[in-house]
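**Q** Quick one: structure below, then a few questions.
The values are calculated or read from the model by the stated rules, or taken from the named source; none is laboratory data. All values reported here derive from a predicted model rather than from experimental measurement. So basically every Cβ, Gly included, is an ideal-geometry build from the backbone, and we count neighbours across all protein chains shown.
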Amino acid sequence: MTIQLLVYDYSREFELISKQKFTLKSNAFLKLPVLVSNKYLLKSLLMKRASRSIAAVLALAALFFTTNLKAQTVPAGGWRMGIGFDAGDPTGNLTISSELVLGGTISLQYGITNRFAVVLTSGADHFLSKYIPGTTKRYDSFGIIPIKAGFKAFFLPHVYFDGEIGEGVEETDSGTGQKKFLLSPALGIAFRHWDFSARYDSYYTPGDNYGFVAVRIAYGFAIGK
C-alpha cells in the first residue's frame, strides 16, 4: 500500500504578499513627512488662535473687575443704601405652620475702609401659613420686624461676609407679639449697584425658636457726598 503525501507550496504566495506589504509601507513612508508637516502647521495655527482668544478673554475679565472693584463696597468715609427683596424657607418651630417667607429690607452702610463697612438693617418679613391638617382653614399668619446692626467684610473681590445681631418684633393679628433675639449671618456677592446674598435669620426666646434661610436681591446706591 502506497501513501502519497501532498505538500502545497506556499512560497510563491508568501512572496507576493510580502511585495504588496513592502509597496504599501513604502508609499506610507513617502507620504509621512508631508502629513507630519501639515499636522504641525495646523497645530501651530490653532495654538496661536487659542492663545489670542485666551488673551482677549483675560483682558476683558481684567477690565471688568478693575472697573467694578472700586465700587464693590462703600468707600472709606462714604454712605450707601440698599433696598432689597427677600424670599425664604422657614426653619425650627415655624415648619409646622408656615411654608414660605416673603419680605423686604433696607440697609444703610458706612465704609470704615474700602473692604469693611458697618451696617444697619431693618424691614419686614411675612410668614405665609399652611393649612391645618384635615381642615380647609390655615394657621394664623404673622410677620416680624427685624432691627439689626453689624458689619460687611469683603474677603475676595466682590465676595463678602455679613454678620448682624439685633432684635425681632413679632406682629400678629392681635397686635405686637414677642421680642426675640436675632442672629443673622450672610454670604453674598456685590457689584456697583446689584447685591445678591444668602442668609440665615435665627430668632430666639426660651422655649420658642425659629428662623428662615433666605435669598436677597438688592439694589444699592451711594448717598450723601
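**Q** Which of the residues belonging to segment 116-157 are over 22 Å from GLY175 (Cα atoms), of a type outside the set (A, V, I, L, M, F, W, C) and buried (at least 17 other Cβ atoms within 10 Å of the Cβ)?
**A** THR121, GLY150, LYS152
**Q** Failed condition for TYR210, given (1) in contact with a helix residue (DSSP H, G or I) (Cβ under 7 Å, 6 or more places away or on another chain); (2) in a strand (DSSP E or B); (3) within 17 Å of TYR110 (Cα to Cα), with all others met?
**A** (3)
**Q** Next question, about the same structure. SER174: small (Gly, Ala, Ser) and at pLDDT below 95, yes or no? Spell out the reasoning first.
**A** Numbers: small (Gly, Ala, Ser): yes; at pLDDT below 95: yes.
Against the criterion (small (Gly, Ala, Ser) and at pLDDT below 95), SER174 qualifies.
**Q** Here is a further query. From the set of residues in segment 203-225 that are modelled with pLDDT of 95 or more and β-branched (Val, Ile, Thr), which is farthest from PHE85 (Cα to Cα)?
**A** Result: VAL213.
**Q** Here is a follow-up. Read through the list (1) among the hydroxyl-bearing types (Ser, Thr, Tyr); (2) under 15 Å from GLY88 (Cβ atoms); (3) crowded, with 19+ Cβ neighbours inside 10 Å, then give the number of the only condition that TYR160 fails.
**A** TYR160 satisfies every listed condition except (2).
**Q** Still on this structure, please answer the following. Kindly indicate whether VAL101 is modelled with pLDDT of 95 or more and either surrounded by 14 or more Cβ atoms within 10 Å (Cβ to Cβ) or not in a helix (DSSP H, G or I) (or both).
**A** Values: modelled with pLDDT of 95 or more: yes; either surrounded by 14 or more Cβ atoms within 10 Å (Cβ to Cβ) or not in a helix (DSSP H, G or I) (or both): yes.
Yes; evaluated as a whole, the condition is true for this residue.
Residue-wise test of (1) touching a residue at least 40 places away in the same chain (Cβ under 8 Å); (2) within 14 Å of TYR160 (Cα to Cα); (3) assigned by TED's automatic domain parsing to the domain that holds LYS148.
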{"site": "LYS179", "(1), (2), (3)": "no, no, yes"}
{"site": "LEU182", "(1), (2), (3)": "no, no, yes"}
{"site": "LEU187", "(1), (2), (3)": "no, yes, yes"}
{"site": "ASP195", "(1), (2), (3)": "yes, yes, yes"}
{"site": "TYR203", "(1), (2), (3)": "yes, no, yes"}
{"site": "GLY207", "(1), (2), (3)": "no, no, yes"}
{"site": "TYR210", "(1), (2), (3)": "yes, no, yes"}
{"site": "ALA218", "(1), (2), (3)": "yes, no, yes"}
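**Q** Among (1) in contact (Cβ under 8 Å) with a residue 24 or more places away in the chain; (2) closer than 30 Å to PRO75 by Cα; (3) among the charged types (D, E, K, R), which single condition is GLU167 missing?
**A** (1)
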